[in-house]
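Engineer: Can you keep this structure in mind? I'll have questions shortly.
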Amino acid sequence: MGLPPFRGIEHQIYFVPRASLPNRPAYRTNPREKKEIEKQVQDLLDKGWIQKSLSPCDVPVLLVPKKDGKWRMCCDCRAINNITIKYRHPIPRLDDMLDELHGSSIFSKIDPKSGYHQIRIKEGDEWKTAFKTKFGLYECKSLKQFPYVIKYKKGSTNIIADALSRRHVLLNILGSQILGFDDIKELYEKDPDFANFYLLCIQKPYQGYYISEGFLFKENKLCIPQGSIRKLLVKESHEGGLMGHFGIEKTLLLLKEKLFWPHMKIDVQRFCNRCIACLQAKSTTKPHGLYTPLPISNAPWVDISMDFTLGLPRTQRGKDSIFVVVDRFSKMAHFIPCHKADDASNIAKLFFQEVVRLHGLPKTIVSDRDVCR
């Protein structure tokens, strides 16, 4: 079925600033319920309404019986609701709505059946809708709606305003769009770095440059014009959610895989040399301090420790080591088979598959900086 088009109205979630993100464990289920949840999740994946997630926050799912004997999968979003800024849209007046119908001769009513997933989640907010099951973490790409009937309620009880009184959208002119990078199309013609190449490539490719869907590329790398977007991309590659304040070379390598602009290395050097976190915490600049006890963790899978057990008898699959990850709050542990010769990339894949997929990203990781070799 796929996702609905962007209709001009998108669901956006605003969290209270500096609020603690919830990370709830999955509810216990019997084999029958587990099989039903797995079936419904797979159906949502096949339709493209959800996707696998690495969100730092999540809520558990549970099954609610319906009148026809089937099950409805629901998310227990109370923890998310507690840190969400309440929406105070003005409630429409019934008198004004009736006045707008003056002179109308044709009336229609809406009676949807299974009107689900008709509103897109605003791009970048999908991680806030993450839910956890026993076999993975997923996030929604559209807002799940339920069949509804429009009824009038007096102002004191009409907490949820009628969406039909909001902004009007012309459905016959809607279409899918790429958010985030569309604005740079208009910058190419005036950009001092790419203006000449953009004009020359309108008819045909020129010296490795070509235009695709309005974007300028050089050897399959997207050209980024001058402006704040360059600094934003460098910042995300250096200190983004899954980045570790890498050095100049690693940050530059990440950017060069997909992007291009002149003097990229100078921009990366300038940003990394001015990064406050790197200046304060890097081992090359900060002297070693005294040994101190680790702070006490206050939630499960927020602070973890990891280590390797090497030199074990080889299994039938060639594994001879164990990658041990322990939650410092609950003392729950994952014992992940691995090979003595696994490098950092292989260990990182195991970490995401066996830990992040189930518990989300931790805030702190304690290790002895050992090597698997």
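Table: residues versus (1) modelled with pLDDT under 90; (2) assigned by the TED database to the domain that holds Glu126.
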position: Leu3; (1), (2): yes, no
position: Arg24; (1), (2): yes, no
position: Lys35; (1), (2): no, yes
position: Gln40; (1), (2): no, yes
position: Lys47; (1), (2): yes, yes
position: Lys67; (1), (2): yes, yes
position: Cys77; (1), (2): yes, yes
position: Thr84; (1), (2): no, yes
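Engineer: Another one. Yes or no: Gln51 touching a residue at least 40 places away in the same chain (Cβ under 8 Å) and not small (Gly, Ala, Ser)?
Structural biologist: yes
Engineer: Could you please find all residues in the range 211-246 being in a loop (DSSP other than H, G, I, E, B) and surrounded by 14 or more Cβ atoms within 10 Å (Cβ to Cβ)?
Structural biologist: Residues satisfying the conditions are Ile224, Pro225, Gln226, Met243, His245, Phe246.
Engineer: Let me ask something else about it. Just wondering, is there one or more residues in the range 273-284 that are part of a helix (DSSP H, G or I) and at pLDDT 85 or above?
Structural biologist: Scanning the range 273-284 turns up at least one residue that is part of a helix (DSSP H, G or I) and at pLDDT 85 or above.
Engineer: Separate question: Which numbered condition in (1) at pLDDT 85 or above; (2) over 23 Å from Glu10 (Cβ atoms) is the only one that Ser105 fails?
Structural biologist: Among (1) at pLDDT 85 or above; (2) over 23 Å from Glu10 (Cβ atoms), Ser105 violates only (1).
Engineer: Asp320 versus (1) more than 19 Å from Pro295 (Cβ to Cβ); (2) over 22 Å from the mean Cα position of the chain (by Cα); (3) at pLDDT below 90: which is the lone unmet condition?
Structural biologist: (3)
Engineer: Okay, next question. Any residue at all in the range 13-23 that's farther than 14 Å from Cys75 by Cβ, assigned to a loop (DSSP other than H, G, I, E, B), among the aromatic types (Phe, Trp, Tyr) and in contact (Cβ under 8 Å) with a residue 60 or more places away in the chain?
Structural biologist: yes
Engineer: Given Ile110, Ile202, Ile178, which one is assigned to a loop (DSSP other than H, G, I, E, B), modelled with pLDDT of 65 or more and among the hydrophobic types (A, V, I, L, M, F, W, C)?
Structural biologist: Ile202
Engineer: Related question: Within the range 74-85, count every residue that is closer than 19 Å to Gln12 by Cβ and touching a Phe, Trp or Tyr at 6+ places or on another chain (Cβ under 9 Å).
Structural biologist: Count: 6.
Engineer: Here is a follow-up. What tally of residues in the range 72-107 results from selecting those that are basic (Lys, Arg), assigned to a loop (DSSP other than H, G, I, E, B) and under 30 Å from Thr129 (Cα atoms)?
Structural biologist: Adding up the residues that qualify gives 2.
Engineer: Would you say Pro337 is outside the structural domain of Asp58 (by the TED database), of a type outside the set (S, T, N, Q), within 29 Å of Pro60 (Cα to Cα) and more than 28 Å from the chain's Cα centre (by Cα)?
Structural biologist: Criteria met by Pro337.
Engineer: Among the residues of the range 184-196, is there at least one that is part of a helix (DSSP H, G or I), at pLDDT 70 or above and either under 27 Å from the mean Cα position of the chain (by Cα) or exposed (fewer than 10 other Cβ atoms within 10 Å of the Cβ) (or both)?
Structural biologist: Yes, the range 184-196 has at least one match.
Engineer: Among the listed residues Val61, Val41, which satisfies the condition of being part of a helix (DSSP H, G or I), touching a residue at least 24 places away in the same chain (Cβ under 8 Å), within 21 Å of the chain's Cα centre (by Cα) and surrounded by 15 or more Cβ atoms within 10 Å (Cβ to Cβ)?
Structural biologist: Answer to the selection: Val41.
Engineer: Check Ile322 against each of (1) touching a Ser or Thr at 6+ places or on another chain (Cβ under 9 Å); (2) aliphatic (A, V, I, L, M); (3) touching a residue at least 40 places away in the same chain (Cβ under 8 Å) and name the one condition it does not meet.
Structural biologist: Ile322 satisfies all of (1) touching a Ser or Thr at 6+ places or on another chain (Cβ under 9 Å); (2) aliphatic (A, V, I, L, M); (3) touching a residue at least 40 places away in the same chain (Cβ under 8 Å) except (3).
The values are calculated or read from the model by the stated rules, or taken from the named source; none is laboratory data. Source: prediction; values computed, not measured. Positions of Cβ are generated from backbone atoms using ideal geometry, with glycine treated the same way; all protein chains shown enter the neighbour counts.
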